[in-house]
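Scroll down for the structure; my scribbles are underneath it.
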Amino acid sequence: MKLWRWWQQLQAHPLYLREKGEWGNPNPYYTRFTNLMPFFVLAGLVFSFCGAGTNTLLFESDDALWWTWCIIFLPILVKNIILLNATILAPVLTAPTISHEINRGTWDILRLTPQPTFFIVIAKLIGSLGRLSFMTTLLLINIFEAIIMSLIGFFISSPTITITIGIIFGATSIIFRPFLEILFIALIGLILSTFLRSANTAIATSYILWICFKLANNIILWSGIFYDVLPTPSYFLSLTFTSTNYLIIIIILLAILYWRSYRLDTGYDWHLWG
């Protein structure tokens, strides 16, 4: 009940509504990046063609499974376009939030509200991500892909308890991993916004950290490492592993954000770079 009341209070908060874009113009960077959407769509098409052809699960059987590849290709195409746009826009929405307020001199006004600083920061985070209005479509596509890939996993593997558990965890990871990735880069941008006065620097640094972590936490990479190591299909094992990594990092980032909120609440302006 407390969590529900907190959520209702958050949705009615003017700061949340402003970050969501229902009034005012708190984030001028969002408009600039939305003008580049056609290029992001083209990039999503390229990544979709590459990603659809490198799914290791489709080649773990003697059969080519081309019919399955054709069935899931169109949803994957749409999914990758949505995910690429969301991950590109997430730091644009969150990285300028705190630094922009401090540079304009309005952060001290926000601190005078009866809400704790961490509540203000979370309201900015959730309100900013509320502008990503295609999350429902992404969820439906993830569920569809999880069902299809689970059926493939049971079709090409012996139905043992270990494999069944692995496929269930992998299917769950298919559904939630894209949202964890979006939340990860959004938190990176928001935390950097508490350290950097320049929103441009915070956005650029967010992209660099996201790319580095994505390369190290790559599904294809870990599918190759896990291949034939455990009885669970390597695709599902790598999905579970990389999703767990995102979850662990997100928990750490939330702890850092709470600490930074406390520092900002005390009025100690600890920006490391200009």
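The values are calculated or read from the model by the stated rules, or taken from the named source; none is laboratory data. Bear in mind the structure is a predicted one, so any value in this text is a computation, not a measurement. Virtual Cβ from ideal backbone geometry, glycine too; neighbours counted across all protein chains shown.
Yes/no matrix, rows are residues, columns are (1) closer than 29 Å to A12 by Cβ; (2) in contact (Cβ under 8 Å) with a residue 12 or more places away in the chain:
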{"site": "I156", "(1), (2)": "no, yes"}
{"site": "S173", "(1), (2)": "no, yes"}
{"site": "F179", "(1), (2)": "yes, yes"}
{"site": "L187", "(1), (2)": "yes, yes"}
{"site": "I191", "(1), (2)": "yes, yes"}
{"site": "I211", "(1), (2)": "no, no"}
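Screening the stretch 83-148 for helices (runs of 4 or more DSSP H) wholly inside it with 2 or more residues that are under 21 Å from the mean Cα position of the chain (by Cα) returns the ranges 97-104, 117-129.
For every residue, the table says whether it meets (1) out of contact with any Ser or Thr (no Cβ under 9 Å at 6 or more places or on another chain); (2) of a type in the set (D, E); (3) under 16 Å from Y262 (Cα atoms).
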| residue | (1), (2), (3) |
| --- | --- |
| I126 | yes, no, no |
| L140 | yes, no, no |
| I152 | no, no, no |
| I167 | no, no, no |
| A171 | no, no, no |
| I174 | no, no, no |
| P178 | no, no, no |
| S193 | no, no, yes |
| L196 | no, no, no |
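Under the condition of being of a type in the set (A, V, I, L, M) and under 18 Å from Y30 (Cα atoms), the residues counted in the stretch 96-120 number 1.
For the stretch 173-216, enumerate the residues that are modelled with pLDDT under 85 and more than 25 Å from I122 (Cα to Cα). Before the answer, list the steps.
Pass one, the stretch 173-216, residues modelled with pLDDT under 85: 173-174, 196-200.
Result: I174, single match.
Pairing each residue of the stretch 11-34 that is at pLDDT below 70 with any residue that is small (G, A, S), provided the two are 6+ apart or on different chains, yields no C-beta distance under 6 Å. If you filter the stretch 158-171 down to residues that are surrounded by 14 or more Cβ atoms within 10 Å (Cβ to Cβ) and without any contact (Cβ under 8 Å) to a residue 60 or more places away in the chain, you find that the one that is nearest to L89 (Cα to Cα) is I168.
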